[in-house]
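Undergrad: Just dropping this structure here.
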Amino acid sequence: MMLIWLIVIPLVAGILAWLTARWSTEAPRWISLAAVALNLLLTLAVWIGGDNTVGSGTTTVWLAEVDAPWIPRFGIHFHLAVDGLSLLMLVLTFFLGIMSVLCSWTEIRERIGFFHFNLLWMLAGIAGVFVALDLFLFYFAWELMLIPMYFLIAIWGHENRIYAAIKFMLFTQLSGLLMLIAILALYFLHYQATGMYTFQYGELLGTPLSERAEWWIMLGFIIAFAVKLPAVPLHSWLPDAHSEASTAGSVILAGLLLKTGAYGLLRFVVPLFPNGARWFTPVALVLAVTGIIYGAVMAFAQTDLKRLVAYTSVSHMGFVLLGIFSWNPLGLQGAVMSMICHGLSTGSLFILVGALQERIHTRDMDRMGGFWTTAPRLSGAALFFALASLGLPGLGDFVGEFLVLLGSYQVNVGMTVVAAFGTLASTFYALRMVQRVCHGENIQHWQFSDLSPREALIVAPMIVALLWLGMYPQPVLNTFAPAMQNLQRQANLHAMARQNLVNE
Amino acid sequence: MTRADCFTLLPLMLIAGTPLVLILVIAFMRNHALTVALTVAGLVAALISLWAVAPYIPRQVTPLLSMDRYAVFYMGVMIVSVIAVAILAYPYFEKHRWHREELYVLLLIAVLGCTVLVASSHLVSFFLGLEILSVSLYAMIGYSKNRKSLEAGIKYLVLAAASSSFLLFGMALIYADLGTMELARMAETATATSTPALLLPGIVLIITGIGFKLGVVPFHLWTPDVYEGAPAPVTAFLATVSKTATFAVLLRFLYHPGVQDYRTLFLVFVIIAVGSMIAGNVLALLQTNVKRILAYSSIAHFGYMLVAFLAGGNVAIEAVTFYLVAYSVTTLGAFGVVSVLSDSSRDADTLDDYRGLFWRRPVIAGIFTLMLLSLAGIPATMGFLAKFYVLAAGASAAKWSLVIILGMTSTIGLFYYLRILVVLYAGSSERETPAQPLVPVGGFVLAVLAALLIWFGIYPAPLQDIIRKNDMLSVSVSPVPASERLSRHQLQPPGSKL
């Protein structure tokens, strides 16, 4: 039941926010804040109260579950469930959701109601993606989160927003349709094998597939997730979308939307197509390493602050991809840690860049410099998140990347070595960014106010969270460990079943 | 004809009677509102009579008309659509000064043609229905009396007349070959003794005629011009009711579970479907006129429907029916918005008419957004489920290339829907022009359509039940096993019963 509330609260609050905007400019903000905070509390309650040990046995790993028939004609169920992985993603979703409401508090002055409507509906869609266990429902939520994102970019974005919004939509829509076709193919193959029409994740897991079918269907899924992730040849929508979106849009894009791609790979691709994933592993590793290096190099070359941060996402998500396709406990732990920490550190960087842009109306680094004296708090925070982003030990990102590298070392030493150079490259772009923005000479003599209490309130929890994740990540690792074990167990199980099928 | 036969035809009679009443009323008293009210009353009566005749169906009324669940279901869909068209036409034509009342007479006659079409089980009633529909459409398309509207009317007249002659010729060839014009007997005779040299060209010529009415590639050239020229409510009618009826008759005449076994026919339809999907979506990219964009998008949508048709199997009819309902709701809504925004001098059809509409008239723009999202097939709208149905039908028959082409081209399609959306939400500041009052009746229809769109987009089970209950062609088409039909293209296996 709690899961339905998680979806319903933002949807209803979104409509309320839209309606109340007519009478008050503050009401939509408070409504959104309250709704997202309520959701965060609900998820935290599950996290703290949930008995997380059940998953280690052979019984269910789901901490909460809802299942009701929805469209019986196709055997579609309204099936939501959370395990440790989903739960952490939900916590991240609503945590960053609060931050994005707060960071748009003064930035968005026009069409406030519609803005918060889109923000909340997108959060509902993202939450839906993280908890859907029916493939139709998953696709439904997957597509539903795009439209609000499109509006967030196209209406409240910067100069080149229309181009970026349309590019974003076309990339994700085309890849999404390919995934839908793949889902349907799986659905009918499952029917042919078992005589049952179902989109249920649990049922589809063990679908007997021929090698060829597995390969093609998996490709349909992988393309959709690789676009979202983004993996390198499919990433070109990302710098545009990130740099043109408003601050909240960028935070949600980088912090959450990219995670849906990684989540899809973890939850669906590998367990559903374990053999296909094994064949694909070399390609995925190459793509991951290419992404790490390419993203870092491109980030180094940018002068637009937001584009810079956007390209660092490409680099970081390369680590996530590397960890997922290493498919061993260390790699997977690293991948999930990286997802969470990247959401926090990159989200914060976008918030800081947004705060800066709100003050000086430019993102061009060539026109910045010497801000340490003007705005010490802002600069200090920027330095902190830049260090987090470059993987300084003691901060969250380091844990994630370190674990990924440990995991991938067991799979492919060469790739790991190259990926390790990526962490070196990240030092260059992160420090260069801090140097050019905070140090040097303030050529244009910018004078502006430092972080306001509201902004400090956004930044402080992020800093605390990153420190906590960097110093003592064990609670988080424990939360998703059973879920990951379960995914691995499923994958092994079905891989063997299908191998036997082929051998027969 | 027995009394029961007559009673079964009650819906048709009511629809035929209403224009007579209208003509009489108009002769004595010109009153736009009264005319619309009578039109709607007649249509509602016809709709109710569908329930009244339900116990008597399926029933073959004369060799010409087959009143089965299939026919009744489509009549219901079309009558509801026409009620929407009539109500939308009221505010639209109220702004015009000259004779407004005759439009509804034409509209009702056109609906009569459509109802005959969906019930036809004979080539003669098929042709009669199509001609009744076309002749009224000529006048309706040219109704606005401005240059574009007249041009569109003439264009439609010339091309429709030509396509009718193709249709007639095709029917003649089929008759020459099979010696019957009755659908049921055609199916029987076709399997036994037939000369493909006559039958196949006959069928292809009929496809030409139908293809023209549907506006699918390569018979689509009239579509954008006519859509643009015709008054918006008439375009709505043309795009929904007339095309629904034509597609329904196409299904009735050509659908059978083994359609993909007729290799030539299959190929013809594949070319039409792929051509429509590609040409419709690509050409729409070049347009700046909303009505023309919608025209090209309708070409593409019929391409999608043909994919389901080609897939065959038990999902196909259901998919097509669902798609037609979704398409009707969506297209009525889209053209409804155009017609509500139009004024007496011209239709609101350039993109500039929609610039920043959302900030001026949020409700109407919101409804338009929903319609466009549904056309683009975004979840939580009927359009998404319709597309899902078609993809499912294609996937169930493993027609992967068609399905992937559908996916690719509908992504192109998304681009021009987004272009309209961009314009709707454009505008840098809160330009608060005084909100024009929404015409109550038009607004009501649009709101109902939007509600249907969302309701069935999220919870389609009731509609699916109705569609499946009227699962349909099993009643009208004598079920000839596909294997038997196949034999036309194979040597008779020894010992077969023929």
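Undergrad: Please go through region A:96-117 and pick out each residue that is surrounded by fewer than 24 Cβ atoms within 10 Å (Cβ to Cβ) and either part of a loop (DSSP other than H, G, I, E, B) or in contact with a Leu (Cβ under 6 Å, 6 or more places away or on another chain) (or both).
TA: A:W105, A:T106, A:E107, A:I108, A:R109, A:E110, A:R111, listed by residue number.
Undergrad: Let me ask another. Residues that are on the phi > 0 side of the Ramachandran plot, outside any helix (DSSP H, G or I) and open to solvent by less than 20 Å² (accessible area, probe 1.4 Å): does region B:144-153 have at least one? Quick ask: steps written out before the conclusion?
TA: Taking region B:144-153 as the starting set, the residues that turn out to be on the phi > 0 side of the Ramachandran plot are B:145.
Now drop any that are not outside any helix (DSSP H, G or I), which leaves B:145.
Within this subset, residues satisfying the condition of being open to solvent by less than 20 Å² (accessible area, probe 1.4 Å) are none.
No.
Undergrad: From (1) away from chain A (no Cβ under 12 Å); (2) at pLDDT 90 or above, pick out the condition that doesn't hold for B:S401.
TA: (1)
Undergrad: A follow-up question, please. Taking A:Y197 as meeting all but one of (1) touching a strand residue (DSSP E or B) at 6+ places or on another chain (Cβ under 8 Å); (2) open to solvent by 30 Å² or more (accessible area, probe 1.4 Å); (3) among the aromatic types (F, W, Y), write down the number of the exception.
TA: (1)
Undergrad: Okay, moving on. Which condition number does A:L178 fail, the rest of (1) open to solvent by less than 10 Å² (accessible area, probe 1.4 Å); (2) touching a residue at least 12 places away in the same chain (Cβ under 8 Å); (3) within 9 Å of another protein chain (Cβ to nearest Cβ); (4) aliphatic (A, V, I, L, M) being met?
TA: (1)
Undergrad: Pick out the one residue from B:I15, B:I79, B:I26, B:I48 that is open to solvent by 40 Å² or more (accessible area, probe 1.4 Å) and not in a strand (DSSP E or B).
TA: B:I48
Undergrad: Take the residues of region B:404-427 that are within 9 Å of another protein chain (Cβ to nearest Cβ), open to solvent by 10 Å² or more (accessible area, probe 1.4 Å) and over 30 Å from B:L310 (Cα atoms): which is modelled with the lowest pLDDT?
TA: Going through the qualifying residues, I end up with B:A426.
Undergrad: Additional query: Confirm whether A:L477 is over 30 Å from A:V82 (Cα atoms), open to solvent by less than 40 Å² (accessible area, probe 1.4 Å) and of a type outside the set (D, E). Full working, then the answer.
TA: Working: over 30 Å from A:V82 (Cα atoms): no; open to solvent by less than 40 Å² (accessible area, probe 1.4 Å): yes; of a type outside the set (D, E): yes.
No; evaluated as a whole, the condition is false for this residue.
Undergrad: Still on this structure, please answer the following. When you check A:I48 against the structure, is it on the phi < 0 side of the Ramachandran plot, open to solvent by less than 50 Å² (accessible area, probe 1.4 Å), of a type in the set (A, V, I, L, M) and in a helix (DSSP H, G or I), yes or no?
TA: Values: on the phi < 0 side of the Ramachandran plot: yes; open to solvent by less than 50 Å² (accessible area, probe 1.4 Å): no; of a type in the set (A, V, I, L, M): yes; in a helix (DSSP H, G or I): yes.
Answer is no for this residue.
Undergrad: Of these, A:F171, A:F151, which one is within 10 Å of another protein chain (Cβ to nearest Cβ) and without any contact (Cβ under 8 Å) to a residue 60 or more places away in the chain? Walk me through it before giving the result.
TA: Working: A:F171 fails: without any contact (Cβ under 8 Å) to a residue 60 or more places away in the chain.
From the options A:F171, A:F151, the qualifying one is A:F151.
Undergrad: Here is a check on your reading of the model: is A:F140 assigned to a helix (DSSP H, G or I), within 10 Å of another protein chain (Cβ to nearest Cβ) and either in contact with a Phe, Trp or Tyr (Cβ under 7 Å, 6 or more places away or on another chain) or of a type in the set (K, R) (or both)? Step through it out loud before you land on a result.
TA: On the way: assigned to a helix (DSSP H, G or I): yes; within 10 Å of another protein chain (Cβ to nearest Cβ): yes; either in contact with a Phe, Trp or Tyr (Cβ under 7 Å, 6 or more places away or on another chain) or of a type in the set (K, R) (or both): no.
So A:F140 fails the test.
Undergrad: Moving to a separate point now. Every residue in region B:340-360 that is under 22 Å from A:P148 (Cβ atoms) and buried (at least 20 other Cβ atoms within 10 Å of the Cβ), please.
TA: B:Y354, B:L357, B:F358, B:W359
Undergrad: Given the residues B:H220, B:H256, which is the only one that is modelled with pLDDT of 85 or more and in a loop (DSSP other than H, G, I, E, B)? Can you show your working first?
TA: On the way: B:H256 fails: modelled with pLDDT of 85 or more.
After applying the criteria, what remains is B:H220.
Undergrad: Just to be sure I understand, how many residues within region A:78-95 are surrounded by fewer than 24 Cβ atoms within 10 Å (Cβ to Cβ) and farther than 17 Å from A:L256 by Cα?
TA: Number of matching residues: 2.
Undergrad: Can you tell me which residue among A:M317, A:M339 is touching a Lys or Arg at 6+ places or on another chain (Cβ under 6 Å), within 18 Å of A:I252 (Cβ to Cβ) and surrounded by 24 or more Cβ atoms within 10 Å (Cβ to Cβ)?
TA: Details: A:M317 fails: touching a Lys or Arg at 6+ places or on another chain (Cβ under 6 Å).
The unique qualifying residue is A:M339.
Undergrad: Can you find a residue in region A:156-166 that is surrounded by 22 or more Cβ atoms within 10 Å (Cβ to Cβ), facing another protein chain (nearest Cβ under 10 Å) and in contact (Cβ under 8 Å) with a residue 60 or more places away in the chain?
TA: Yes, because at least one residue in region A:156-166 is surrounded by 22 or more Cβ atoms within 10 Å (Cβ to Cβ), facing another protein chain (nearest Cβ under 10 Å) and in contact (Cβ under 8 Å) with a residue 60 or more places away in the chain.
Undergrad: Next up: So, in region A:352-373, of the ones that are in contact with a Phe, Trp or Tyr (Cβ under 9 Å, 6 or more places away or on another chain) and under 13 Å from A:R436 (Cα atoms), which residue ends up most open to solvent (accessible area, probe 1.4 Å)?
TA: A:R367
Undergrad: Restricting attention to region B:361-372, does a residue exist that is open to solvent by 10 Å² or more (accessible area, probe 1.4 Å), facing chain A (nearest Cβ under 8 Å) and farther than 30 Å from B:G142 by Cα?
TA: No, there is no match, as no residue in region B:361-372 is open to solvent by 10 Å² or more (accessible area, probe 1.4 Å), facing chain A (nearest Cβ under 8 Å) and farther than 30 Å from B:G142 by Cα.
Undergrad: If you don't mind, there's one more thing I want to ask. Just the residues that are assigned to a helix (DSSP H, G or I) and surrounded by 13 or more Cβ atoms within 10 Å (Cβ to Cβ), please, taken from region B:29-40.
TA: Narrowing region B:29-40 to residues assigned to a helix (DSSP H, G or I): B:32-40.
Those that are assigned to a helix (DSSP H, G or I) and surrounded by 13 or more Cβ atoms within 10 Å (Cβ to Cβ): B:H32, B:L34, B:T35, B:V36, B:A37, B:L38, B:T39, B:V40.
Undergrad: Taking region A:434-448 as the search range and keeping residues that are modelled with pLDDT of 85 or more and either under 28 Å from the mean Cα position of the chain (by Cα) or among the polar types (S, T, N, Q) (or both), which one is most open to solvent (accessible area, probe 1.4 Å)?
TA: By that ranking, first place goes to A:Q435.
Undergrad: OK, next. Restricting attention to region B:312-339, which residues are open to solvent by less than 10 Å² (accessible area, probe 1.4 Å) and farther than 20 Å from B:M382 by Cβ?
TA: Listed by number, the residues that qualify are B:G312, B:S339.
Undergrad: For A:L144, which of the numbered conditions (1) modelled with pLDDT of 90 or more; (2) closer than 22 Å to A:P72 by Cβ fails to hold?
TA: Condition not satisfied by A:L144: (1).
Undergrad: Could I ask something else about it? Out of A:W237, A:W215, I need the residue that is under 16 Å from A:F168 (Cβ atoms) and touching a residue at least 60 places away in the same chain (Cβ under 8 Å). Which one? First the steps, then the outcome.
TA: Working: A:W215 fails: under 16 Å from A:F168 (Cβ atoms).
Of A:W237, A:W215, the one residue that is under 16 Å from A:F168 (Cβ atoms) and touching a residue at least 60 places away in the same chain (Cβ under 8 Å) is A:W237.
Undergrad: Can you pull out every residue in region A:449-459 that is of a type in the set (A, V, I, L, M) and open to solvent by less than 50 Å² (accessible area, probe 1.4 Å)?
TA: Taking region A:449-459 first, the residues of a type in the set (A, V, I, L, M) are A:451, A:456-459.
Hits for region A:449-459 are A:L451, A:A456, A:I458, A:V459.
Undergrad: Would you mention how many residues in region B:374-397 are facing chain A (nearest Cβ under 8 Å) and open to solvent by 10 Å² or more (accessible area, probe 1.4 Å)?
TA: 2
The values are calculated or read from the model by the stated rules, or taken from the named source; none is laboratory data. Quantities reported herein were computed from a predicted structural model and do not represent experimental measurements. Every residue, glycine among them, receives a Cβ derived from its backbone with ideal geometry; neighbour counts consider all protein chains shown. Side chains included, ligands, DNA and RNA excluded: accessible areas come from the protein's heavy atoms. Shrake-Rupley method; radii C 1.70, N 1.55, O 1.52, S 1.80 Å.
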